[in-house]
Structure formats: structure tokens, C-alpha cells
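Here is the structure we will look at.
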There are 4 protein chains.
Amino acid sequence: MRQSLQPSRDPADYRFVHRVRTRFAETDAMGVIHHAAYLPYLEEARLAYFRELGHPYGEVRRDGLEAPVLEIAVQYRRPLDFDEEVEIHLWGGAVTRTTFQLAYLLTVTGEVRATAVTVHGCIDVNGKASRLPSWIAEVFIE
Amino acid sequence: MRQSLQPSRDPADYRFVHRVRTRFAETDAMGVIHHAAYLPYLEEARLAYFRELGHPYGEVRRDGLEAPVLEIAVQYRRPLDFDEEVEIHLWGGAVTRTTFQLAYLLTVTGEVRATAVTVHGCIDVNGKASRLPSWIAEVFIE
Amino acid sequence: MRQSLQPSRDPADYRFVHRVRTRFAETDAMGVIHHAAYLPYLEEARLAYFRELGHPYGEVRRDGLEAPVLEIAVQYRRPLDFDEEVEIHLWGGAVTRTTFQLAYLLTVTGEVRATAVTVHGCIDVNGKASRLPSWIAEVFIE
Amino acid sequence: MRQSLQPSRDPADYRFVHRVRTRFAETDAMGVIHHAAYLPYLEEARLAYFRELGHPYGEVRRDGLEAPVLEIAVQYRRPLDFDEEVEIHLWGGAVTRTTFQLAYLLTVTGEVRATAVTVHGCIDVNGKASRLPSWIAEVFIE
């Protein structure tokens, strides 16, 4: 595993927050949000962060870059229920020449529900590994 | 609505059958399969039918054609449960120069669960409406 | 088909609007939002409308009622792209003693993308058909 | 992280294999299977394994037990394409009194595409942590 970030359980350790309301379509027969539904939440939060940094993902892709997920790790601490507003806190780090990582904390009214880490590569239009764009490197290197 | 096929409730009226086992991830908090999960079942059955006709959808797309869904209508008659094996019966018809339709019947051990109709167009690599490929026209015109 | 509402293409004909931003996870290999992803959008809009009417769906369910989808019909007029903000306009009608319908218009910056109708029943905790709650009947009967 | 299994890249190290054909609905705008779609594949393989062990998950749940996912980790090594038949190899281990783990290897015609680990708890009908059923403990303890 390349994953090296340790997602803190304190929202104050994160740089950005994005809110998502859970959907009924995302529940399962246990009556809570299915564990696979968290991945689109993380992705939505990540792309909202890119937008906030001035780089909407549609533009990034039109410029010929993709940032595919190379690894993902999620710890589910307490279930998410239907119709809850989830705060997804995130920050980026662990930058290498061709990869970067994001750490996530999911809370509902302050209560920790899950933590996660995603590791991303960077590929060009031909699917070849590419150097990270400078705006990611600059923001994510502390 | 362009939709004109009437999906029969008798499996004998259909030309092809494809089996899908329902997934736990597709259940919702009502304890049954969520209504949105039926659309990927219909699509999987439709593309299995194309494969059986000698035209795997990957090849169709590499040849520069797509068959997007223009309309969909589903009648949910009895819920699908987790871990059921669903028989999806289907047949095509109502061909025009640029559209075709498919009718579907979903059964579990002979019991009717849902019926559906999809209407499809045909577009080329530039997103322009295109004539149907002859293999669809030939098979679907009675 | 019980479906009888005719969804207008004029937003002024609707009573409520809910906004959804399309997710990357909802795109498909055609580069646009997959047709199955629209159903959770409609559901989210419908439940936002119930919340606005003072009846969050979580409470409705705790009171022992469900409003399962009996029929759905969608007309896809122009694709939705990734990262678009979709306005989902809706209104309810065609109330019977045990069913009601909703009509939907999906627009992006005023441009029509899709229309849809859902037909709902009402069931109690034992899965038996139940009379509609009065708040639905009152609002949806013109 | 409780996750301790190391998923080998050699199919011979696994005890069970389950096949899944990728769906068009699971592709994304990069033209490959979206990373979130792998989680339902893992779940389907896991529940097929339980069925093979004589314990269909529907029965397990009727007996009052659930095995929720506490942690998940996936390494995406090469993309999955539309319409590929994926072999999901798996084995269980790392049993404690209340948790167990599964390791997964995803291959297509022998080529490694992804590896994964899931950590599961066991809860009873009241949502309380419960001891593992003996059939899991017996099979997973080497």
C-alpha cells in the first residue's frame, strides 16, 4: 500500500469541507447507507475542493489530465442514515512526482462516522503516467 | 411518448432470456431491490441479447455507433428481493429508420415482477442521429 | 399503464424546484450521465418536496407508511453532462384513493433535458395497500 | 486500521472464485469501470462464498445476524473495461471473537486488475456486536 496519510478525527485538522445529503437510493436492507455509496461522496467532495482551488475537474480533463484512484481505504465507524447531512472534511498531502493523497473525515453534527484516504495518480490523454499539475503540488505540499 | 410496445406478461411471447441475480448493494431500506436498480438489469439483458445476435456492444461502439436510451417506462408489479434470480425476457420491435424499441418481462420462478419498455436511438461518433445498423432492423422487424 | 400526467416543458407549470449537481460517478463511457442515474435525482427531488410540505420521508416511514414507485416513465431529451447543476421541477396530481403521481421537468440553465412521471402507491408496515395520507391528497388535488 | 491480511497476487493462494461480468452502467467518462463499482463486486463474491459454505446471506440475516463492513481497502492496479468477465478470488482469515477479514484478488484472463481487503464485524438484530457464528470461525481459522 502506498497509502500513508493518517486521517485525523478532528475537523480542525482539515482544509476544506463539503456537504452531502444522503439519498434514499443509497440505503440498503440494513436500513442505513450502503458502504459502497461513500465512494461517490468522497469523489464529490474531492471535486468540489478542486473547483474551490480554481480547477473544476471538467476543465482539468479538457486540459488532458485525469486523476484516477489508485488506492482507497475507508474505516466505517458509525452508520450513516437516510436524509442525514454529512460534512466531508478533507485535505491533501503525501505528494510524489506522479501521485498525491487525500484524507477525509465524515461527520454528522460533529459526530465521527467514517474516515478515508484516497491515493491518486495522474495520467494524460494516452493513459500514460504524467507529472502532477503544479496547482496540486503547490497546494498539497506543506 | 414514442413508446408503443405492449410488454406481454407471458414469457412465451419473448425471444430471449437473460438471468441476473439481485445484489445486496441494490436493496434499499424497504428491504427490497430499489427501483432504480432495474435499469442496469434491463441494460445488461439488452446487451446480452446483442451479444447473442453476434454484435457485442463493445464492437458496436468500436464501429462508431451508440444506442442511447431515449425513453424508458417500467411497471413494478411485485418487489424483487435480495438474492433472487431474475429471468429477464425480451424482444425488439417498433423499428423506424432511426429508432427501435425493446419490451421486457421480469419473472422469478415464473411469477411476474415487472414489465418495461425502452426506446433507443442510434447515434454516430459525432453524436448525430444515424440509421439503424441492418442487423437490428432485420431482427426486430417482424 | 396508470400513468396519466403529461409533464409540461415549461417550468412555470410546476410547483417546486430542487437542484442536484451531477456526479462523476454517475457518468458512463458515452461521457454523459447514465440514464439510470436520473431515478435517484427524481427521488431526491420528490423527498425534498415532501420535506418542504412538512413531511420528511424519515418521519413518514416512522409513522408506518411507504410510498413505493409503481411505475416510472422518463423521456431523455438531451444528455446531462458531468458537473452540471440540474433544476428538477415537479408537481403532484392524479390522486386516487391509494395512488398519486408526480410530473418532473429537468432543465439546465433553462434548457430542457428530460421529463418524467412517477406513479406511487401507499403501503403500511405490513406491506398492505393503504389510503393516502391527507397531506398528500390535499396538496395534490387541484 | 485493523486490516491485516495481505492479498496475494497469485490465484492459487485463494479458496474460492466467483465470476462477474462488468456492466455498461458501471463505466464512467474515463471509459472504464468506475472505482466505486468494485465494492458491489466484492460483496457479491463474498455472499456467493457464504452460499457455497452453506450459509446464504438471506438465511444468516433471518437468523438475526449481519456482517457489516467495518473497513475496506482496494488497490486498483489496471482498469476493468466494460463487458469483461472478472474472476474474483477470495479467502477469509484474521478471525477475532467479533471480527473477520476477507482478501480478494481480481483477475481477467489471469491478469491482475485489483486486490482488496474487507474487515467485517458481526451484529445482532439490536445492532449490538455479537460473537461470530461458528461456521465463519471454523472455516476462516487456519
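The values are calculated or read from the model by the stated rules, or taken from the named source; none is laboratory data. Keep in mind the model is a prediction, meaning the values are calculated, not measured. No Cβ is skipped: glycine too gets one built from the backbone with ideal geometry, and neighbour counts run over all protein chains shown. Protein only, heavy atoms only, side chains kept; ligands, DNA and RNA dropped before computing areas. Shrake-Rupley method; radii C 1.70, N 1.55, O 1.52, S 1.80 Å.
Evaluated against (1) within 14 Å of chain D (Cβ to nearest Cβ); (2) part of a loop (DSSP other than H, G, I, E, B); (3) in contact with a Pro (Cβ under 7 Å, 6 or more places away or on another chain), A:Asp81 falls short on exactly one condition, (3). D:Arg2 meets each of the listed conditions (1) within 24 Å of B:Glu26 (Cβ to Cβ); (2) at pLDDT below 95 apart from (1).
Close Cβ contacts (under 9 Å, 6 or more residues apart or on different chains) running from residues in segment A:97-110 that are within 15 Å of A:Ser4 (Cβ to Cβ) to residues that are among the acidic types (Asp, Glu) and outside any strand (DSSP E or B) comprise A:Ala103/A:Asp13. Taking the criterion of being open to solvent by less than 40 Å² (accessible area, probe 1.4 Å), in a strand (DSSP E or B) and not hydrophobic (A, V, I, L, M, F, W, C), the residues of segment D:87-136 that qualify are D:His89, D:Gly92, D:Gly93, D:Thr99, D:Gln101, D:Tyr104, D:Thr107, D:Arg113, D:Thr115, D:Thr118, D:His120, D:Gly121. Going by what's in this entry, would D:Thr109 be described as of a type in the set (S, T, N, Q) and under 21 Å from A:Ala37 (Cα atoms)? The answer is no for D:Thr109. Annotation: of all residues in segment D:59-86 being free of Cβ contacts under 8 Å to residues at least 24 places away in the same chain and of a type outside the set (Asp, Glu), the one that is surrounded by the most Cβ atoms within 10 Å (Cβ to Cβ) is D:Arg61.
Looking across segment A:6-57 at every residue that is assigned to a loop (DSSP other than H, G, I, E, B) and touching a His at 6+ places or on another chain (Cβ under 6 Å), the one that is least open to solvent (accessible area, probe 1.4 Å) is identified as A:Asp28.
Checking C:Glu44, C:Glu71 one by one, the residue that is more than 14 Å from A:Asp83 (Cβ to Cβ), of a type in the set (Asp, Glu), at the interface with another protein chain (Cβ under 8 Å from one of its Cβ atoms) and within 13 Å of the chain's Cα centre (by Cα) is C:Glu71 and no other. Any residue at all in segment A:52-63 that is in contact with a strand residue (DSSP E or B) (Cβ under 6 Å, 6 or more places away or on another chain), modelled with pLDDT of 95 or more and either of a type outside the set (S, T, N, Q) or over 16 Å from A:His18 (Cα atoms) (or both)? So far as segment A:52-63 goes, no, none of its residues is in contact with a strand residue (DSSP E or B) (Cβ under 6 Å, 6 or more places away or on another chain), modelled with pLDDT of 95 or more and either of a type outside the set (S, T, N, Q) or over 16 Å from A:His18 (Cα atoms) (or both). Scan segment D:39-65 for residues that are hydroxyl-bearing (Ser, Thr, Tyr) and either closer than 17 Å to B:Glu44 by Cβ or touching a helix residue (DSSP H, G or I) at 6+ places or on another chain (Cβ under 8 Å) (or both) and the total you get is 2. Number of residues in segment B:83-94 that are touching a helix residue (DSSP H, G or I) at 6+ places or on another chain (Cβ under 6 Å) and farther than 15 Å from B:Glu71 by Cβ: the value is 4.
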